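Scroll down for the structure; my scribbles are underneath it.
Coordinate-derived values only; no laboratory data. This one's a predicted model, so the numbers in the text were calculated from it and none came from an experiment. Using ideal geometry, Cβ is built from the backbone for each residue, glycine included, and neighbour counts are taken over all protein chains shown.
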Amino acid sequence: MLTDVNIDKLKNDKYFKNLFLNAKFENLSLNCNILNGNFFSDSFHYFPITNNNETFSSLYLRDFSNLSHFYSKQFFNNFLEKKNSFKIFNDIYILGSNSGDNYYSNLLHFLPRIFFNKSNNIKIAIHRNSSNKYRIFLQSILNSLNIEFNFVYLDDEFYYFKNSQFPQFINLNDSIKILKNFFNPITKLENSKKIYITREDSSYRKIINESDVITLLRQNGYKVINPQLYEIEEQIEIFSDAEKIISPYGSNLANIIFCKPGTEVFEISPPFTDDEKVFDVRYSNLSKINNLKHHKLVADIVDVEKHSELAEKYIHSNILKKSNYYKNLILKIQDLKKII
């Protein structure tokens, strides 16, 4: 069975200490442990396993993830059977990216770890599903850091990485500090102080009566922003200039970390169930960390006729059917009128 090494052993046992490098983000004196050497990992959980079947959940547990299946007998037997047939990569920096290309996860879980790299020439592993927009964003950051790089694309597989580096996942507060320290948006666009974020290109959590919503908002000075039409750096700038943001629940709200303190954020969400509380507080938590004024508008839900290929690939069909997270929304116009 896999052995989970606790934090005390990582700090005090010489063998385990030697498995890791310690890197600093100098501007903020933040530390990051980087697994250095040979190890296995998947490209969904990004959970490394050493040659001696050791794991480190205290370093590689992301927000809202569940690693319990890694410690089952079934997983271990399957792992032993297949481990010698995994594709091998050499000299890789495992940055990773969300297999479903979720922007919240890419921005807050994966991206901040690039700033702990100390090499000026690296091969960076990310998931093949990452969007061109995210790749361009990452390229821009690496260029600004004067790092020469090549991307290595991971599929939905387990891999064996040799002579490679795997930075731990950083807690949410520190991730936000790193990103806000690095990005200092300079206004180049004509931005509106009041914006509405549309999810018209998404397959769920779209506002069904959005034409009525947009008509009312435009009459009250709001600009409609479709994030798909803007590069990520432009999105950061737009959010950093805004004073009032209205948006359906969605990963583009991760950009509120770049807002000025006191910015008002109105999140249009489904009525989350008790099992979905981790989603319910996601953006209120970001608002709290960044001293924003967060409000929630709970909308009515409508079933989605057809989900995207990515959603159907990674999310169980029962969850897609039952979870309010994967529904479309109808916003009561009278609720909207109260806030504008």
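Structural remarks
- The equivalent ellipsoid of the range 3-182 has semi-axes of 25, 19, 16 Å, largest first, where each one is the square root of 5 times an eigenvalue of the Cα gyration tensor.
- Farthest toward positive dipole pole in the chain [+1 Lys/Arg, -1 Asp/Glu at C-beta], among 47, 283, 161: 283
- Hits among lysines - C-alpha to C-alpha of residue 338 under 19 Å, sequence gap 8 or more where chains match: 193, 194, 223, 244, 293, 296
- Per residue, the chain reaches -7500 deg cm²/dmol at 222 nm when only DSSP H runs of four or more residues are counted, each adding -39500 (n - 2.57).
- Loop sites in the range 255-313: trypsin sites (Lys or Arg not before Pro), DSSP, at most 12 other Cβ within 10 Å: 306
- Label of the coordinate-derived value, semi-axes √(5λ) of the Cα gyration tensor in Å, listed as (i) 37, 24, 18; (ii) 33, 28, 21; (iii) 33, 23, 19: (i)
- Relative contact order, whole percent, for the range 99-195 stands at 37, derived from Cα pairs under 8 Å and 6 or more residues apart.
- Computed from the C-alpha gyration tensor, the three semi-axes of the ellipsoid equivalent to the range 32-105 are 20, 16, 13 Å, from longest to shortest.
- Couplings 3J(HN,Hα) of the range 169-180, computed from phi: 7, 9, 5, 4, 4, 6, 4, 5, 4, 5, 5, 6 Hz, in residue order, whole Hz [Karplus 6.51 cos²θ - 1.76 cosθ + 1.60, θ = phi - 60°; x for Gly and Pro].
- Selection of trypsin sites (Lys or Arg not before Pro), the range 162-247, meeting DSSP coil and at most 16 other Cβ within 10 Å: 188, 193
- Top of 147, 245, 232 by mean-square fluctuation, Gaussian network on the chain, Cα under 10 Å: 147
- Cα shape, the range 177-311, gyration tensor, a/c 1.5 rule: prolate
- Whether the range 189-235 is rounded, prolate or oblate, judged on the alpha carbon gyration tensor where a/c under 1.5 counts as rounded: oblate
- Taking every DSSP beta bridge that has both ends in the chain, the antiparallel portion is near 35%.
- Over 20 Å (Cα to Cα) - which of 206/322; 277/327; 11/83 fall in this group: 11/83
- Here is the size of the range 1-68 from its Cα atoms: Rg then Dmax, 12.6, 41 Å.
- Summing Cβ point charges (Lys, Arg +1; Asp, Glu -1) relative to the Cα centre of the range 210-250 gives a dipole of roughly 240 debye.
- For the range 194-339, the antiparallel share of DSSP beta bridges with both residues in that region comes to about 15%.
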